[in-house]
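Report on one structure; see the data block that follows.
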Amino acid sequence: MNTTVKKPFEILSVDDDPDMLTIFSYLMKMRGYHVTASHNAKDFWDILSDKKPDLIFLDIYMQGINGIDLCRSLKSDAATRDIPIVLLSATENVKEIAASCHADGYLTKPFIIKDVVAEIQRLLVINPVPSS
């Protein structure tokens, strides 16, 4: 009998608001996802050098880092371009911003948890990204 254990999807959440990171991480962990949180660019790049997440949730406007430029950088690098990125923002034009930097999805803050789960399922369950 061949039994395979399915590992949880790895989600990287990037936001300079520690409360948002805590809430997001808790809600995702309750749904069986493994979440790594980053609150600044240095931590983000350190995490990314250690492991390749299956999905990245990225706040657009953060202190010390612009999520738009970060998304563009990730999408232009062959090593990271296939990682789905979902932008999060309270700004009204998040849809246009997401399109301009080639993000795979977007959600407005405050987010509705069912919408977050729907984005995860859309990007990972229907179109799974191979883990390294």
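For first residues located in the range 57-83 and at pLDDT 95 or above, partners that are among the polar types (S, T, N, Q) and buried (at least 19 other Cβ atoms within 10 Å of the Cβ) and lie 6+ apart or on another chain with Cβ distances below 8 Å form the pairs 57/13.
Please find, within the range 48-58, the residue that is farthest from the chain's Cα centre (by Cα) out of those that are of a type outside the set (Lys, Arg) and within 18 Å of residue 72 (Cα to Cα).
By that ranking, first place goes to 49.
Per the conditions (1) modelled with pLDDT of 90 or more; (2) more than 14 Å from residue 11 (Cβ to Cβ), the sole criterion not satisfied by residue 126 is (1). What's the total number of residues in the range 52-90 that are of a type in the set (D, E, K, R) and within 19 Å of residue 120 (Cα to Cα)? Here the count works out to 6. Of the residues making up the range 81-96, just one is more than 22 Å from residue 21 (Cα to Cα) and not in a loop (DSSP other than H, G, I, E, B), namely 96. Summed over the range 98-116, the residues that are among the β-branched types (Val, Ile, Thr) and modelled with pLDDT of 95 or more give a count of 0. Residues of the range 8-28 that are of a type in the set (Phe, Trp, Tyr) and surrounded by fewer than 19 Cβ atoms within 10 Å (Cβ to Cβ): 26 alone.
Residues that are out of contact with any Phe, Trp or Tyr (no Cβ under 8 Å at 6 or more places or on another chain) and crowded, with 20+ Cβ neighbours inside 10 Å were ranked within the range 29-47; the one that is nearest to residue 83 (Cα to Cα) is 44.
The values are calculated or read from the model by the stated rules, or taken from the named source; none is laboratory data. Since the structure is predicted, the reported quantities are computational estimates derived from the model, not experimental observations. For neighbour counting, all protein chains shown are included, and Cβ atoms are generated from backbone atoms with ideal geometry for every residue, glycine included.
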